[in-house]
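Here the structure comes first, spelled out in structure tokens, and everything after it is commentary.
The values are calculated or read from the model by the stated rules, or taken from the named source; none is laboratory data. Keep in mind that what you see is a predicted model, and the values were worked out from it rather than measured. All Cβ positions, even for glycine, are placed from backbone atoms using ideal geometry, and neighbour counts span all protein chains on display. SASA here: full protein model, heavy atoms, side chains in, ligands and nucleic acids out. Shrake-Rupley method; radii C 1.70, N 1.55, O 1.52, S 1.80 Å.
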Amino acid sequence: MNIEIQSLIKTYNQRQVLNIKSLSLEKGKIYGIIGPNGAGKSTMLRIIAGLEEAKKGTILYNKKHLNGEIIKNLTYLNQKPYLLRTSVFNNIAYPLKLRKYKKETLKKKVIEIVKEFNIFDLRHQPATNLSGGEAQKVALARALIFEPELLLLDEPTANIDPNSLELIEKKIIKRNREKNTTIIIITHNIGQAKRLCDEIIFIREGEIVEYGKTN
Ligand code: ADP
Ligand code: ADP
């Protein structure tokens with residue numbers, strides 16, 4: 001998915017927290033957003049996700065304004081994953097259930113992805129019993145089980161141990177390469193941004209202060 005942002009301004013209680021003059025994101029690339037706490041990274045991602053409204057400005061998705069049709073094609077993963085109060089299996093199956101997948105197909109896909117993410121043994125656990133890192137893996141599996149054109153990830157590996165980190169980075173890259181998915185990822189980990197991203201967007205006090213390739 002292509003994204004064109006023009007003159008985007010966001011305020012909270014009349015305080016301006018975001019001012020993006022112009023930003024253009026190409027289909028099939030992985031973008032990193034880096035910046036200090038409070039810079040406006042999460043706000044920007046939530047606005048792109050359509051979860052919050054900007055005060056001014058436009059965002060075009062594949063040259064169109066956001067509408068219900070397009071929002072189906074993006075997946076947003078919050079920094080603190082909101083898991084449903086049900087089993088790991090049901091959590092991951094949920095996006096497919098919403099889209100009325102047949103029971104057998106749904107089951108096959110969920111089993112496939114829990115194996116890929118090394119969380120097969122957790123599938124019957126209630127999601128409320130998981131550690132932070134396990135919950136993040138479940139949330140990412142749920143985000144990837146459906147194949148969105150645009151994947152928005154807010155610090156997807158913040159609580160993750162090094163082994164799982166490598167696995168998750170591989171999954172993100174694999175998805176990008178195989179499905180040409182456009183991915184925007186907020187991270188505090190410069191190494192991760194370099195490993196994953198084609199372009200890095202540095203944000204400070206709501207503005208893009210640097211934009212560039214990683215190599
Ligand atoms: P980052 O993700 O870079 O840490 P945020 O986008 O979360 O930054 O926040 C940017 C600024 O907006 C911060 O000063 C934050 O306190 C403020 N902010 C974020 N969300 C809200 C909100 N819902 N209401 C008021 N202020 C908010
Ligand atoms: P992040 O680390 O991504 O910036 P936070 O932990 O700051 O996230 O924010 C989590 C939630 O709290 C978000 O929904 C954000 O909108 C809200 N929030 C953040 N800052 C403020 C604020 N100053 N006033 C009200 N809500 C806020």
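Worth pointing out:
- Complete set of residues in the stretch 117-138 that are within 22 Å of LYS174 (Cβ to Cβ), open to solvent by less than 20 Å² (accessible area, probe 1.4 Å) and not aromatic (Phe, Trp, Tyr): ILE119, GLY133, ALA135, GLN136, VAL138
- Of the strands (runs of 3 or more DSSP E) lying entirely inside the stretch 1-82, those containing at least 1 residues that are more than 20 Å from GLN192 (Cβ to Cβ) span 3-12, 15-25, 56-61, 74-77.
- Selection of first residues in the stretch 190-215 that are open to solvent by 20 Å² or more (accessible area, probe 1.4 Å) and of second residues that are modelled with pLDDT under 95 and part of a strand (DSSP E or B), restricted to Cβ pairs under 9 Å at least 6 apart or on distinct chains, gives the following pairs, ordered by first then second residue: ASP198/LYS213; PHE202/GLU210; PHE202/TYR211; PHE202/GLY212; ARG204/GLU210.
- The one condition in (1) touching a residue at least 40 places away in the same chain (Cβ under 8 Å); (2) within 16 Å of ligand 1 (Cβ to nearest atom) that ALA135 fails to fulfil: (2)
- Qualifying residues in the stretch 83-103 (those that are assigned to a helix (DSSP H, G or I) and touching a His at 6+ places or on another chain (Cβ under 8 Å)) - the one most open to solvent (accessible area, probe 1.4 Å): PHE89
- Any hit, the stretch 109-116, residues being within 15 Å of the chain's Cα centre (by Cα), open to solvent by less than 90 Å² (accessible area, probe 1.4 Å) and closer than 25 Å to ILE184 by Cα: no
- Restricting attention to the stretch 171-189, the residues being open to solvent by less than 80 Å² (accessible area, probe 1.4 Å) and either in contact with a Gly (Cβ under 8 Å, 6 or more places away or on another chain) or within 16 Å of ligand 1 (Cβ to nearest atom) (or both) number 9.
- Scanning the stretch 182-215 for residues that are of a type in the set (S, T, N, Q) and over 17 Å from the mean Cα position of the chain (by Cα) returns THR214, ASN215.
- Within the stretch 25-39, not a single residue is modelled with pLDDT under 95, more than 10 Å from ligand 2 (Cβ to nearest atom) and either among the basic types (Lys, Arg) or surrounded by fewer than 18 Cβ atoms within 10 Å (Cβ to Cβ) (or both).
- Residue within the stretch 49-59 that is under 21 Å from LEU144 (Cβ atoms), of a type in the set (Gly, Ala, Ser) and open to solvent by less than 40 Å² (accessible area, probe 1.4 Å) present: yes
- So GLY57, is it within 11 Å of ligand 1 (Cβ to nearest atom) and either touching a helix residue (DSSP H, G or I) at 6+ places or on another chain (Cβ under 6 Å) or not aromatic (Phe, Trp, Tyr) (or both): no
- Every condition in (1) open to solvent by 30 Å² or more (accessible area, probe 1.4 Å); (2) within 16 Å of ligand 1 (Cβ to nearest atom) holds for LEU77 except the one numbered (1).
- Which listed residue is open to solvent by 70 Å² or more (accessible area, probe 1.4 Å), more than 14 Å from ligand 1 (Cβ to nearest atom), among the polar types (S, T, N, Q) and more than 17 Å from the chain's Cα centre (by Cα), from ASN159, ASN163: ASN163
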